[in-house]
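All remarks here apply to the structure that follows.
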Amino acid sequence: MKRDFLKVKDLSLDEHVALFRRAAQLKEARLQRRVVKTLRSRTLVMIFEKASTRTRLSFEAAMLQLGGNVIDLSATNSQLARGEPLSDTARVASRYCDVLMMRTFGDARIEELAANSRVPVINGLTDGGHPVQIITDLFTVWERLGEVKGKTLAFIGDTASNMGRSFVEAAGLFDFSLRLGSPEGYLPGKDVLAWSPNNVRCFHDAKEAVQGADVVITDVWTSMGQEAESAKRLKDLHGYQVDAALMARAKPKAFFLHCLPAHRGEEVSAEVLDGPASAAWDEAENRLHVQKALLEYVVLEAEKA
Ligand code: CP
Ligand code: NVA
């Protein structure tokens, strides 16, 4: 069956747990230099309408290491740039490949791609969410703490961003406690908070938000596509930096996550990002292992049909 992964809840909790177990196996295999070629001769097409380093590298490396191939259909030099509808692009591209991944702006675009694709579609970030990053972050929590359920995650800064939205979506499904710390105007709307009504608490005081946190998380203050608002965002979010003083108010062994790219001196201090409590570099590595498990799952499920 064709299973798209456009948002966290497109997979059940059991499926996510199975993915985490598989990602851990694949991580171990790579550590031991054991070759795993479960996607031999399959092809991934990637479409980027926004910049990327980690998503591009980790999806490409994942597919190649699993024995598959990758085609990067840059939106700027394909017919998409000359106005060919995305629906037609999906119809054609999905006849050449086994799985599609897209990074774009509005969620309607990735939904249009999925609706017109014969093969599974994976969301590589939209304005509305970053599900592959969130499941990687939760895998990193699971790997370090043995469990996601019942843990306390504090997300500080622009929590109305794609990252914040996907964390809210995941909180109810995984049953962790999510504490959001943002200034006025930077918390998710009521419609988003309703996705996990029992698991999310909102604060305007960052110090209060990190209390009891096992994990402290932040993201850039200006997401891709919001560059025109950058000066206002810097001003509004001033005081919401994750620095050593804020980390000290979380649990003593709390660790720090950032999806990257990071702006040292804005949403996070260099001391925290580059310090011993930072799991951001393991988190970035885990994109590879988690996405391998996801690619394997959706491609092999689609072949069962
Ligand atoms: N975290 C993340 O998605 O990074 P890129 O924007 O570099 O892909
Ligand atoms: N919220 C950020 C995430 C980058 C991976 C953005 O959308 O730019």
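Those residues that are within 16 Å of ligand 1 (Cβ to nearest atom), assigned to a helix (DSSP H, G or I) and either polar (S, T, N, Q) or over 26 Å from residue 116 (Cα atoms) (or both), I need them from segment 28-56; list them, please. 54, 55 - these are the residues of segment 28-56 that are within 16 Å of ligand 1 (Cβ to nearest atom), assigned to a helix (DSSP H, G or I) and either polar (S, T, N, Q) or over 26 Å from residue 116 (Cα atoms) (or both).
Taking first residues from segment 108-130 that are under 15 Å from residue 45 (Cβ atoms) and among the hydroxyl-bearing types (Ser, Thr, Tyr) and partners that are buried (at least 21 other Cβ atoms within 10 Å of the Cβ) and at pLDDT 95 or above, the Cβ contacts under 7 Å between residues at least 6 apart in sequence or on separate chains come to 117/90; 117/94; 117/100. Is it the case that residue 227 is more than 18 Å from the chain's Cα centre (by Cα) and either at pLDDT 95 or above or away from ligand 2 (no atom under 16 Å from the Cβ) (or both)? Yes.
Which of the residues that make up segment 93-107 are farther than 18 Å from residue 225 by Cα and either touching a residue at least 60 places away in the same chain (Cβ under 8 Å) or surrounded by 13 or more Cβ atoms within 10 Å (Cβ to Cβ) (or both)? Correct list: 93, 94, 97, 98, 99, 100, 101. Scanning segment 57-71 for residues that are away from ligand 1 (no atom under 13 Å from the Cβ) and surrounded by fewer than 17 Cβ atoms within 10 Å (Cβ to Cβ) returns 64, 67, 69, 71. With respect to the conditions (1) within 16 Å of ligand 2 (Cβ to nearest atom); (2) of a type in the set (Val, Ile, Thr); (3) assigned to a strand (DSSP E or B), residue 222 lacks only one, and its number is (3).
The residue list 147, 143, 111 contains one member that is acidic (Asp, Glu) and more than 28 Å from residue 27 (Cβ to Cβ), which is 111. For residue 221, the test of being within 18 Å of the chain's Cα centre (by Cα) and within 15 Å of residue 181 (Cβ to Cβ) is passed.
Report whether or not residue 197 is free of Cβ contacts under 8 Å to residues at least 40 places away in the same chain, farther than 27 Å from residue 128 by Cβ, part of a loop (DSSP other than H, G, I, E, B) and away from ligand 1 (no atom under 16 Å from the Cβ). Walk me through how you get there before you give the answer.
Numbers: free of Cβ contacts under 8 Å to residues at least 40 places away in the same chain: yes; farther than 27 Å from residue 128 by Cβ: no; part of a loop (DSSP other than H, G, I, E, B): yes; away from ligand 1 (no atom under 16 Å from the Cβ): yes.
When the stated conditions are applied, residue 197 does not pass them.
Does segment 84-125 hold any residues that are small (Gly, Ala, Ser), within 16 Å of ligand 2 (Cβ to nearest atom) and out of contact with any helix residue (DSSP H, G or I) (no Cβ under 8 Å at 6 or more places or on another chain), and which are they? Correct list: 106 only.
Out of everything in segment 234-263 that is among the hydrophobic types (A, V, I, L, M, F, W, C), in a loop (DSSP other than H, G, I, E, B) and under 25 Å from residue 224 (Cβ atoms), what residue ends up being nearest to ligand 2 (Cβ to nearest atom)?
Let us first name the residues in segment 234-263 that are among the hydrophobic types (A, V, I, L, M, F, W, C), namely 234, 237, 242, 244-248, 250, 254-257, 259-260, 262.
Those left that are additionally in a loop (DSSP other than H, G, I, E, B): 248, 250, 254, 259-260, 262.
With the extra rule that they be under 25 Å from residue 224 (Cβ atoms), the set shrinks to 259-260, 262.
Values: 259: 5, 260: 7, 262: 10 Å.
The selected residue is 259.
Looking only at segment 150-172, decide whether some residue is among the hydrophobic types (A, V, I, L, M, F, W, C), buried (at least 19 other Cβ atoms within 10 Å of the Cβ) and assigned to a loop (DSSP other than H, G, I, E, B). No, there is no match, as no residue in segment 150-172 is among the hydrophobic types (A, V, I, L, M, F, W, C), buried (at least 19 other Cβ atoms within 10 Å of the Cβ) and assigned to a loop (DSSP other than H, G, I, E, B).
The values are calculated or read from the model by the stated rules, or taken from the named source; none is laboratory data. These numbers come from a predicted model, not from an experiment. Please note: Cβ atoms are built from the backbone with ideal geometry, for glycine as well, and neighbour counts cover all protein chains shown.
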